[in-house]
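The values are calculated or read from the model by the stated rules, or taken from the named source; none is laboratory data. Quick caveat: nothing in here was measured; it's all calculated off a predicted structure. In this analysis, Cβ positions are derived from the backbone assuming ideal geometry, glycine residues included, and neighbour counts consider all displayed protein chains. Please note that ligands, DNA and RNA were not included when accessible areas were found on the heavy atoms of the full protein model with its side chains. Shrake-Rupley method; radii C 1.70, N 1.55, O 1.52, S 1.80 Å.
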Amino acid sequence: MAERVADVNERIAQAAYRAGRRPEEITLIAATKTQSIERIAEALAAGITHVGENRVQEAVGKRATLEAMTSARPTWHLIGHLQRNKVKPAIATFDVIHSLDSVRLAQQLNQSLSEQQEQPGRLPVLLQVNISGEASKHGLALPGGPANTIALERLLADSAQIAALPHLDLRGVMTIAPLMPDPQLAQPFFRQLSQVREILAQQLPQHSWQHLSMGMTNDFEAAIAEGATMIRVGRALFGERPT
Ligand SMILES: *Cc1c(COP(=O)(O)O)cnc(C)c1O
């Protein structure tokens, strides 16, 4: 595990230097769906400090177990689709939500946060954007990227509604590129997400929009070339997932 973590970190550093960037600008999130508690604990011992889970229920149990058995306190990212009936446990378990994909979900999150007992803080969230247009993917639809002016207007209108919710802190955007035989072919999708972020930062400057969550095992180097600040990596760290 330590070797795999070191190897991924080295690839991140190389990709960053090739792009004229500093490796510290890029946060490695270990995508831990289906991985056992023991494997995740090994990853934390090897220096992983951010974990990403896809399902709320799976993460609730894993986080509680890990906190009982280790002193590591990683940052927990929700990277899978969030159903509106799971908003409460999601807020309790995750530090950052990458998969904010509708105005209704945003309103539900805002409502639940406002009902919290303690002084409600603002929850860091990223807007998930579906740039590939694949029906299998969630996200605010922007097939073809920002050149699709009709879809862009709709995305900006939705984003403005979400940006007005007082308990959400919009930190950036996230996408999942289509699986390509050659990772270079994913690069245009990453470039388009970067353009979307710039447009959002101009239109809604009350939020930071600093993060680009993009790139996975197959394509994270191409994502770093286009400015990724968070990459979500599973198989390069843990091997093929048990099915
Ligand atoms: C599983 C998953 C990843 C990691 O994928 P790998 O190919 O294992 O690196 C990243 N992002 C999301 C949203 C995922 O579901």
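Just a few scattered comments:
- The chain, helix-only ellipticity at 222 nm - DSSP H runs n ≥ 4, -39,500 (n - 2.57), divided by all residues, nearest 500: -12500 deg cm²/dmol
- Remark on the chain: hydrodynamic radius 18.3 angstrom, per the Kirkwood mean of 1/r across alpha carbon pairs.
- At q = 0.35 Å⁻¹, base-10 log of I(q)/I(0) for region 190-229 (Debye sum, equal scatterers on each alpha carbon): -1.14
- Highest-fluctuation residue, 229, 175, 75 considered, GNM on the chain with Cα pairs under 10 Å: 75
- Residue 72/residue 9 FRET efficiency (R0 22 Å; Cβ-Cβ; nearest 0.05): 0.80
- Note: relative contact order over the chain, using C-alpha pairs below 8 Å and six or more positions apart, is 20 percent.
- Most fluctuating residue given options 148, 54, 130, as computed from a GNM of the chain linking Cα atoms under 10 Å: 148
- Accessible surface, 1.4 Å probe, highest first, among residues 137, 88: 88, 137
- Prolate/oblate/rounded call for region 1-104, Cα gyration tensor, a/c under 1.5 rounded: oblate
- Accessible surface of residue 118, taken over heavy atoms with a 1.4 Å probe and every protein chain present, rounds to 120 Å².
- For residue 168, distant residues with modelled amide H under 5 Å away: 123
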